[in-house]
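Worksheet for the structure shown next.
What follows is calculated from the coordinates using simple rules that are stated; it is not laboratory data. Since the model is a prediction, treat every value here as computed from it, not as a measurement. A quick note on method: Cβ atoms are made from the backbone with ideal geometry, for glycine too, and the neighbour counts reach across all protein chains shown.
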Amino acid sequence: MKPGSTALASLRPQEAVQVLAGLMDSHPELVAEMENLAAEAIAPPSRDQVEASVSKRLRGLDIDDLAELAGKHRGRYVQPWTAAGELIDGIAGPYLEDVRRLAGLGRVAEAHQVAVGVLAGLYACGDVAGHEVLGYVELPDRADEVIRFLARQEIPLPAEAWRDACPDWHLGR
């Protein structure tokens, strides 16, 4: 056996779940500690980290990304604005899934933190007139979709939070 290689270190994700479940069953006294470790593991990035990531990835989209989705594909035509929206959804979507998960755990403040980061990331790209991808979409409309998403999750974002993130956009219509 190689130094440092163990059966535990080589577990696949589903196998690790089985081991963890077995450990919880055989040692219920460890469940509270495992719960704390799990809560730490799913702690979201800061609002500023989300904003930076979203805006960097949005600004990094280029015409090649758009061309992969727009045009004729599998017998159907995809409009450039539809493709651009899908690219934005691909960037914001994982963060919104984190929002959904955090909300489901009752961690509303953290869910709002992530959502505000997404809004701020969209807003940070509002100056990209003529961008070869972002020029096809209305970023304030995408921000409104985030606000509606939060309302559907039954964790509406206070107006002051989205006004701080997107001060020049008229959202929440």
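Extending 7 Å from Cα along the Cβ direction at Ala38 and again at Ala159 yields two label points whose distance is 3.9 nm.
Annotation for Val31 and Arg152: the two label points, set 7 Å from Cα along the Cα-Cβ direction, are 3.4 nm apart.
Under the convention that each Lys and Arg Cβ holds +1 and each Asp and Glu Cβ holds -1, the size of the dipole of the chain around its Cα centre is about 420 debye. Computed extension length for Asp48-Leu105: 18.3 nm, one decimal, from 0.36 nm per residue of separation with the Cα-Cα distance subtracted. Counting every other Cβ atom within 10 Å of each residue's Cβ, Trp169, Trp162, Trp81 order from fewest to most as Trp81, Trp169, Trp162. Projecting the Cα positions of Ala39, Ala16, Pro28 onto the charge dipole of segment 1-41 (unit charges on Cβ atoms of Lys, Arg, Asp and Glu, taken about the Cα centre) puts Ala16 furthest along the positive direction.
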